[in-house]
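See structure below.
The values are calculated or read from the model by the stated rules, or taken from the named source; none is laboratory data. None of these values were measured; they are calculated from a predicted model. For neighbour counting, all protein chains shown are included, and Cβ atoms are generated from backbone atoms with ideal geometry for every residue, glycine included. The accessibility values were calculated without ligands, DNA or RNA, using every heavy atom of the protein model including side chains. Shrake-Rupley method; radii C 1.70, N 1.55, O 1.52, S 1.80 Å.
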Amino acid sequence: MRMVKGTMGRRKRYVAVDAHFDEDGRLLPRAIEWDDGRVFAIDEVRDMRRAASLKTGGDGIRYTIRVGHAITYLFYEQPRWFVEERIAEMP
């Protein structure tokens, strides 16, 4: 697949996640840690369901999350977590 210059694509980016099990046994993420040490608190889990990542491939439990004002997906593909990282085409 060839991207048009200046457009953005996506790639699977594995990340560290702080998560816990609630009293009903659901696994809920609390924060995402990037490999450079930045930590992003998850303000809200809006939805969780079994689904595939149509942009990067793979499947698992897809969490629709809010981090600040941004709504995005976080995937739990046992035993790892990943996000659909945006990447710019190189000139």
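Please verify whether Gly9 is more than 12 Å from the chain's Cα centre (by Cα), within 26 Å of Ala88 (Cβ to Cβ), part of a loop (DSSP other than H, G, I, E, B) and in contact (Cβ under 8 Å) with a residue 40 or more places away in the chain, treating the condition exactly as stated. Spell out the reasoning first.
Details: more than 12 Å from the chain's Cα centre (by Cα): yes; within 26 Å of Ala88 (Cβ to Cβ): yes; part of a loop (DSSP other than H, G, I, E, B): no; in contact (Cβ under 8 Å) with a residue 40 or more places away in the chain: yes.
So Gly9 does not fit the description; no.
Given the conditions (1) touching a Pro at 6+ places or on another chain (Cβ under 9 Å); (2) open to solvent by less than 40 Å² (accessible area, probe 1.4 Å); (3) among the hydrophobic types (A, V, I, L, M, F, W, C), which single one is not true for Val45?
Among (1) touching a Pro at 6+ places or on another chain (Cβ under 9 Å); (2) open to solvent by less than 40 Å² (accessible area, probe 1.4 Å); (3) among the hydrophobic types (A, V, I, L, M, F, W, C), the lone unmet condition for Val45 is (2).
Mind listing whichever residues of the range 18-66 are under 18 Å from Arg86 (Cα atoms) and in contact with a Leu (Cβ under 9 Å, 6 or more places away or on another chain)?
Residues satisfying the conditions are Ile32, Arg62, Tyr63, Thr64, Ile65.
Taking the residues in the range 60-91 that are open to solvent by 80 Å² or more (accessible area, probe 1.4 Å) and more than 20 Å from Ala31 (Cα to Cα) as candidates, determine which candidate is nearest to the chain's Cα centre (by Cα).
Residue satisfying both the conditions and the ranking: Met90.
Could you please let me know if Thr56 is touching an Asp or Glu at 6+ places or on another chain (Cβ under 7 Å), of a type in the set (Val, Ile, Thr) and closer than 21 Å to Gly9 by Cβ? Even if it seems obvious, please write down each step before you answer.
On the way: touching an Asp or Glu at 6+ places or on another chain (Cβ under 7 Å): yes; of a type in the set (Val, Ile, Thr): yes; closer than 21 Å to Gly9 by Cβ: yes.
Criteria met by Thr56.
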